[in-house]
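Written out below as structure tokens is the structure these notes cover.
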Amino acid sequence: MSGADTAPGWSPMALLRAIDLRDVGHRALARTRRATGRIKGQSTAPLQPFGHPGDGPPILMIHGLLESPAIWRPVLPLIKDLGGAGGFLPLPGHTPWTHPDLPLPSEDGGSAYFEAMIAAYAARLQRIGRPVRLVGHSTGGLIALALAARHPTLVRDVLLIGALFAGHRGRDTGPLETLLSAPYLGPASFHAMVTSWASTPARFRQGVTTASAQPLPHSHTLHRMRRDVLRANLDAVYQFGQWLYGADLTACLEQVTCPVLSLLCTKDPVVTPAHQLDLLGRLPRGRAVLLNSGHLPMLEDAPGLAMAIRHWAAT
């Protein structure tokens with residue numbers, strides 16, 4: 001399915017280690033039709049606001065695949081005084097954007113899906129009435145770059161955290177991606193695997209930890225993330241992953257003319273530092289700051305990440 005993050009910003013093999021493939025059975029096959037049919041609902045991306053209106057430009061934060069806005073909670077108390085209203089933008093299918101009105105990713109090689117998705121985000125940004133500052137983690141960084149390329153008047157600048165610019169991340173297709181891309185079996189397997197992974201707090205934390213450079217304790221943030229994953233529309237998430245697997249922004253990165261700061265996670269097991277550096281070299285106005293972290297610095301080192309965000313916001 002997705003060569004990018006298949007659990008909160010994680011590699012497919014990390015998800016495979018976090019679940020029990022024996023849970024992929026005949027009952028899951030009943031979901032195939034729903035996962036391969038168009039989902040109708042919200043044509044504009046929802047926004048969960050935080051902070052209070054101020055003079056500064058709004059800061060909008062986009063999480064990664066199979067995450068939720070809850071992942072930003074550890075850093076929020078440390079940055080909420082930056083000035084300017086802020087908000088969380090979810091990925092398609094994720095809580096609270098559980099019913100995105102998007103074409104099937106199998107149509108036109110995914111181009112119609114991409115255009116409709118970016119238009120849904122742009123419609124939300126246009127309602128704000130002034131250029132915004134985007135913060136994107138992992139796959140959320142890819143979305144932030146696409147918005148900056150396609151709608152430069154809506155985006156002032158971008159902060160990337162462990163971001164990717166192509167679904168394959170420069171890696172060969174593995175056995176799990178092949179399984180999840182298979183007709184009939186792919187959607188059923190994805191649903192069963194994610195449901196199993198989030199079935200208990202211990203399993204969920206185990207999956208999250210595979211993307212971290214250090215063990216993660218139980219926390220209220222993980223509890224909220226698990227709750228949001230269980231509330232997600234996995235059919236819509238699967239369709240988003242189908243699009244993401246073939247996504248590659250290489251051709252449009254030169255159109256990202258706004259400043260981009262990349263927080264390069266040096267111990268990232270999901271989006272390798274080499275891929276992050278490759279992205280940086282393709283951006284006309286890109287620069288980097290190193291973070292001694294795995295793929296989830298908001299969970300591993302919230303104070304360090306908050307300091308980096310504050311320095312960026314001050315520019």
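Just check the stretch 192-310 against the gyration tensor rule for me: Cα atoms, a ≥ b ≥ c as the square roots of the eigenvalues, rounded for a/c under 1.5, and otherwise prolate or oblate depending on whether a/b exceeds b/c. Walk me through the numbers before you get to the answer.
Working: a/c = 2.32, a/b = 1.37, b/c = 1.70.
Note, shape of the stretch 192-310 comes out oblate.
What is the spin-label model distance, in nm, from A123 to T195 if the labels are put 7 Å beyond Cα along the C-beta direction?
3.1
Compare the Cα positions of A116, H151, L185 along the charge dipole of the stretch 98-198 (+1 at Cβ of Lys, Arg; -1 at Cβ of Asp, Glu; about the Cα centre) and return the one farthest towards the positive end.
Of the listed residues, the answer is H151.
First measure r as the distance between the Cβ atoms of L277 and M307, then evaluate 1/(1 + (r/R0)^6) with R0 = 30 Å and state the FRET efficiency to the nearest 0.05. Can you show the working numbers first?
Numbers: r = 22 Å, r/R0 = 0.74.
It comes out at approximately 0.85.
Would you grab the residues whose amide H sits under 5 Å from the one on L291? Only those 5+ places off in sequence or on another chain, please, with H modelled 1.01 Å from N.
Correct list: L264, C265, T266.
Using Stokes-Einstein with the Kirkwood hydrodynamic radius over Cα pairs, what translational diffusion coefficient do you get for the stretch 182-227 at 10 °C and a viscosity of 1.306 mPa s, in µm²/s rounded to a whole number?
Details: Rh = 11.6 Å.
Rounded to a whole number, D works out at 137 µm²/s.
Any idea what the dipole of the stretch 77-172 comes to, in debye rounded to 20, about its Cα centre with Lys/Arg Cβ at +1 and Asp/Glu Cβ at -1?
Details: 9 positive and 7 negative charges, 85 e Å.
Computed about the Cα centre, the dipole is about 400 debye.
Taking Cα centroids, how far is the stretch 116-188 from the stretch 260-311 in Å?
Using only Cα atoms, the two centres lie 16 Å from each other.
Residue by residue through the stretch 132-139, what is 3J(HN,Hα) from phi via Karplus (6.51 cos²θ - 1.76 cosθ + 1.60, θ = phi - 60°)? Round to whole Hz and write x for glycine and proline.
Ordered by residue, 3J(HN,Hα) equals 10, 10, 9, 10, x, 9, 6, 5 Hz.
Tell me, what HN-Hα J-couplings in whole Hz come from the Karplus equation 6.51 cos²θ - 1.76 cosθ + 1.60 at θ = phi - 60° for each residue of the stretch 68-74, using x for Gly and Pro?
Taking θ as phi minus 60°, the curve returns 7, x, 4, 5, 7, 4, x Hz for the stretch 68-74.
With a/c under 1.5 counting as rounded, go ahead and sort the stretch 131-252 into rounded, prolate or oblate using the C-alpha gyration tensor (a ≥ b ≥ c being the square roots of the eigenvalues; past the cut-off, prolate if a/b is larger than b/c, else oblate). Walk me through the numbers on the way to the answer.
Working: a/c = 1.91, a/b = 1.29, b/c = 1.47.
Oblate.
Could you please report the charge total around F50, scoring K, R as +1 and D, E as -1 over all other residues with beta-carbon less than 13 angstrom from its beta-carbon?
+1
Show me the ranking of peptides 217-230, 289-302, 191-204 by mean Cβ neighbours inside 10 Å, starting with the highest. Display every interim value, and only then the final one.
Values: 217-230: 16.7, 289-302: 21.5, 191-204: 19.2.
Highest-to-lowest ranking by the protection proxy: 289-302, 191-204, 217-230.
Take the alpha carbon gyration tensor of the stretch 100-185, find the square roots of its eigenvalues, order them as a ≥ b ≥ c, and report rounded if a/c is under 1.5; if not, report prolate when a/b exceeds b/c, else oblate. Provide the component values of the computation, followed by the final result.
Working: a/c = 3.01, a/b = 1.59, b/c = 1.90.
Taking the square roots of the gyration eigenvalues as a ≥ b ≥ c, the stretch 100-185 is oblate.
Just to be sure I understand the model, the point goes 7 Å from the Cα along the line to the Cβ. What's the resulting T153 to A314 distance in nm?
With each label point 7 Å from Cα toward Cβ, the separation is 3.4 nm.
Every number in this text was worked out from the coordinates using simple rules, so none of it is lab data. Remember, predicted model here, so these are calculated numbers, not experimental data. Cβ coordinates were reconstructed from backbone atoms using ideal geometry, including for glycine residues, and neighbour counts include every protein chain displayed.
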